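Visitor: Sharing a structure below in structure tokens format, with a few things to ask.
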Amino acid sequence: MKKLSFIIAEKSYIVKTGLTKIINNFHEASVLRETTDLQTTIKLVNKHNPEFLIINIKLINDAHEDIRQLFSKKINTKLIIFVGTKRENEYFEYFDEKISIDDDKAEISKKIQLLINKKRPPNENSESGELSEREKEVLRQVAMGKTNKEIAEALFISMHTVITHRKNITGKLEIKTVAGLTVYAILNNIIDIDEAV
Amino acid sequence: MTIVKKTKLAEVIHQNYHLIPIITRFGISFGFGDKNIEQICKQYEINSDFFLEIVNAFNDKDYSPAKKLGTMPLKNTVKYLLSSHKYFNDIKLPLIEKLIHKLNWEGPENKKNKATLDKFFNQYRNEVIEHTAHEENEVYPFILNIENNFKSKNKDNGFIEILKLKSIKDYEETHNELSSALLDLKNIIIKYLPPANNSDVIEQILVEIFDLEKDMEDHTKIEDTVLIPVASKIEKELRKYLK
């Protein structure tokens, strides 16, 4: 499954490294880019539309209130503000979350976990790796070297459905390539070794 | 830690053993005593600035090699990349293959598991060979050609004709396919392969694959952040000059 991406806009190497380390502890999240100024941050957010942006309050100068307007309208990135001193807390309401320099590891982890849960509810990503019978059929066809079109015709389903099945199979098994899927199919007796490509 | 000319090579290895293959790739043999990097580079006739950029880039993932390496001749970088291709193809992949051949299972599953894994790995290996051969026969010579022509300032008509047909841009390829296959292999072994009789071999295979993966990522990083961008820049200037 695709990871939830963070962009961190922060000048301090120490803070940046610390935040990255905590985020990388969540296997469903990863830090896409790190930036140190507002201009680059806006550009990167508009380009990548990451799930989350953590930005140091110092980088946004006087733009706290209309921070959303800095980005393109299509952007639905959750905004997290990082504050380095106690006095800077007043702008919190314009952001989805606040992380403070005084937070300990457990507090930061909890905040990030909550943000992740909102984007991706736990029951959705705790799926078992078990394939459904239909998915096994599709996998069998894939392992035979069939194209999406051929699979759709063989199983009387639409191309769109085939693609959805393939996506789900790859998500469940964490195997992407046709060769890899074929190995899985053979090992699990979904297809005979002589039938596979 | 940033590695500098006065750093002892032995210290470097103690600090990060992942650099072992990088050091042998430069042709340096062990048993170098307390010599520092500057002394060893001199002994082996290696450009020490270049050596430092490479080991630092591999040692610290935040280290950006682009700035300094970009000012050095690309032929150094190409030579290094060639030696790491050789390492992947002649040492690492045969080693993993040998380990895979050692695996065995109880009963009738043995033949099937062996054949399946073997086929997958062979296919992957052939893709790596094909990919590296393409770079060695097409991409690298073209880049060196650009660099030589840029340096010599000759208006070589033959090369002007070549430039009409191709550009570095044609070679901005992805390595996605190769890294996906390696990731699949890891998941197959970790999650789906039935337990083998020799679990010690499984352990060795996994360690080797993780190692190879990291090595290839670093290799790609040098290509994507140094080789291609620098060559594109030179190509652009060269085109302007030749006009």
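We did not get these values from a lab; they are worked out from the coordinates using the rules stated. Nothing here was measured: the structure is a model prediction, and the numbers come from that model. With ideal geometry, Cβ positions are generated from the backbone for all residues, glycine too; neighbour counts draw on all protein chains shown.
Visitor: Can you tell me the alpha carbon radius of gyration of the range A:93-197 divided by the globular rule-of-thumb value 2.2 N^0.38 Å? It would help to have the intermediate numbers written out before the result.
Guide: Details: Rg = 20.0 Å, N = 105, 2.2 N^0.38 = 12.9 Å.
Rg over 2.2 N^0.38 Å, computed on Cα atoms: 1.55.
Visitor: Summing -39500 (n - 2.57) over the DSSP H runs of n ≥ 4 in the protein assembly as shown and dividing by its residue number, what mean residue ellipticity at 222 nm do you reach, to the nearest 500 deg cm²/dmol?
Guide: -17000 deg cm²/dmol
Visitor: Can you bin every Cα-Cα distance in the protein assembly as shown into 10 Å intervals starting at zero and give me the percent of pairs per bin, rounded to whole numbers?
Guide: In whole percents, the pair-distance histogram is 4, 16, 21, 25, 23, 11, 2, 0.
Visitor: Shielding of A:154-160 by partners, i.e. mean partner chain Cβ atoms within 10 Å per residue?
Guide: Whole-number average of other-chain Cβ neighbours for A:154-160 is 0.
Visitor: Students often get this wrong: which residues of the range B:184-202 have the backbone nitrogen under 13 Å from the point 7 angstrom along Cα-to-C-beta of A:S30?
Guide: Under 13 Å, as judged by backbone N against the label point of A:S30, lie B:184 of the range B:184-202.
Visitor: Could you check the simple spin-label distance between B:E130 and B:K86, using points 7 Å along Cα→Cβ, in nm with one decimal?
Guide: 2.5 nm
Visitor: Find out how many positive minus negative residues lie around A:L115, taking Lys and Arg as positive, Asp and Glu as negative, among other residues whose Cβ is under 12 Å from that of A:L115.
Guide: Net local charge, A:L115 excluded: +3.
Visitor: For the range B:215-230 and the range A:32-53, compute the distance between their C-alpha centroids and round to whole Å.
Guide: Taking the Cα centre of the range A:32-53 as reference, the centre of the range B:215-230 is 23 Å away.
Visitor: Obtain the nm distance between the two label points defined at A:E195 and B:E97 by a simple spin-label model: each point lies 7 Å from its Cα along the Cα-to-C-beta direction.
Guide: It works out to 3.1 nm between the two label points.
Visitor: Rounded to the nearest 0.05, what FRET efficiency do A:H160 and B:L242 have when you use their Cβ-Cβ distance and R0 = 45 Å?
Guide: 0.35
Visitor: State to the nearest 20 debye the size of the charge dipole of the range B:7-52 about its Cα centre, where the only charges are +1 on K and R beta carbons and -1 on D and E beta carbons.
Guide: Working: 4 positive and 5 negative charges, 21 e Å.
Roughly 100 debye, rounded to the nearest 20.
Visitor: Let me know the longest stretch in chain A that avoids all chymotrypsin sites (Phe, Trp or Tyr not before Pro) found in a DSSP loop with at most 16 other C-beta atoms within 10 Å. Please list the in-between numbers first.
Guide: On the way: sites that count: A:F26, A:F156.
Result for the longest clean stretch: A:27-155.
Visitor: Where the Cα atoms of the range A:4-119 are projected onto their three principal axes, how long is each span, largest first, in whole Å?
Guide: For the range A:4-119, the Cα extents along the three principal axes come out at 32, 32, 26 Å.
Visitor: Taking the Cα of B:K155, stepping 7 Å toward and past its beta carbon, and measuring to each backbone N in the range B:226-241: which are under 17 Å?
Guide: B:237-241
Visitor: So what does the Cα-only Debye profile of the range B:9-63 read at q = 0.19 Å⁻¹, as log10 I(q)/I(0), no solvent term?
Guide: Log-scaled intensity ratios, in q order: -0.61.
Visitor: Convert each backbone phi in the range B:201-209 into a coupling constant with the Karplus relation 6.51 cos²θ - 1.76 cosθ + 1.60 (shift: θ = phi - 60°), then list the ³J(HN,Hα) values in order as whole Hz, x for Gly and Pro.
Guide: 5, 4, 4, 4, 4, 4, 4, 5, 5
Visitor: Can you tell me the relative contact order of the range A:133-187? Whole percent, Cα pairs under 8 Å, sequence separation 6 or more.
Guide: 46 percent
Visitor: Rounded to two decimals, what is the ratio between the C-alpha radius of gyration of the range B:1-156 and 2.2 N^0.38 Å?
Guide: In units of the 2.2 N^0.38 Å rule of thumb, it is 1.33.
Visitor: Let me ask you something else. How large is the dipole of the protein assembly as shown about the Cα centre if only Lys and Arg carry +1 and Asp and Glu carry -1, each at its Cβ, rounded to the nearest 20 debye? Working shown, then result.
Guide: Numbers: 66 positive and 67 negative charges, 241 e Å.
With only Lys, Arg, Asp and Glu charged at Cβ, the dipole is about 1160 debye.
Visitor: Oh, and also: Run the numbers on chain A and let me know its relative contact order in percent, using alpha-carbon pairs under 8 Å that are six or more apart. The partial results should precede the final answer.
Guide: Numbers: 239 pairs, mean separation 30.8, N = 197.
It rounds to 16 percent for chain A.
Visitor: Separate question: Roughly what would the spin-label model give for A:K58 and B:F210, points 7 Å off Cα along C-beta, in nm?
Guide: According to this spin-label approximation, the distance is 3.7 nm.
Visitor: Report the one residue of A:H48, A:N25, A:V83 whose Cα lies farthest in the direction of the positive end of the charge dipole of the range A:4-119 (charges on C-beta: Lys and Arg +1, Asp and Glu -1; origin at the Cα centre).
Guide: A:H48
Visitor: Nothing charged except the Cβ atoms of Lys and Arg (+1) and of Asp and Glu (-1): what's the magnitude of the dipole of the range A:4-119 about its Cα centre? Round to the nearest 20 debye.
Guide: My answer is approximately 400 debye.
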